[in-house]
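See structure below.
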Amino acid sequence: MQVREIMSQHAVTATPQQTIGEAAEIMQRVGTGFIPVGENDRLVGTLTDRDIVVNGIAQGRSADSAVTEVMSPDVLYCYEDQEVAEVARNMGAQQVRRMPVVDRDKRLVGIVSLGDLSRNGDPSAAGAALEEISA
């Protein structure tokens, strides 16, 4: 089974210039703690609710600070045509719960999460990934 078969297709993104307050509102609206950061049709980072708290608030930054100040610039991603089991192993090894999904031109096409793996993919692979993440 390929990732495109189980991923969430409508990924909401933030731009590096948006404020962390705006990004937090986006997260609240869509009910997630993770959004990819994109610029000019390319991924340039990821932002989590934890990034906002640890790299933002705890460092004395305000809600008006730019996303680029707190985001993770290292983008871990997978391809939409990769096998689910392979991506689950990679998520476990990298200790991430969500991962942007790109096409072969590296354009964002969705997000895959441990929940997607568990509900729609391979529950045993999701369990193994979660075990590694929790270690």
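Read-outs: derived from the displayed coordinates by stated rules, not from any lab. Everything numeric here is computed off the predicted structure, so don't read it as measured data. Note that each Cβ is placed from the backbone with ideal geometry, even for glycine, and that neighbours are counted across all protein chains shown.
Worth a mention:
- Number of positions in the range 13-29 that are exposed (fewer than 13 other Cβ atoms within 10 Å of the Cβ) and of a type in the set (A, V, I, L, M): 0
- Counting residues in the range 48-59 that are part of a loop (DSSP other than H, G, I, E, B) and surrounded by fewer than 18 Cβ atoms within 10 Å (Cβ to Cβ) gives zero.
- Every pair of residues 6+ apart whose Cβ atoms lie under 9 Å, when the first sits in the range 60-76 and is buried (at least 16 other Cβ atoms within 10 Å of the Cβ) while the second is among the basic types (Lys, Arg) and part of a loop (DSSP other than H, G, I, E, B): VAL70/ARG61
- Residue list for the range 1-20, restricted to those being touching a helix residue (DSSP H, G or I) at 6+ places or on another chain (Cβ under 7 Å) and not polar (S, T, N, Q): MET1, VAL3, ILE6, MET7, VAL12, ALA14, PRO16, ILE20
- The listed residue being in a helix (DSSP H, G or I) and closer than 27 Å to ARG104 by Cα, out of ARG4, ARG29: ARG4
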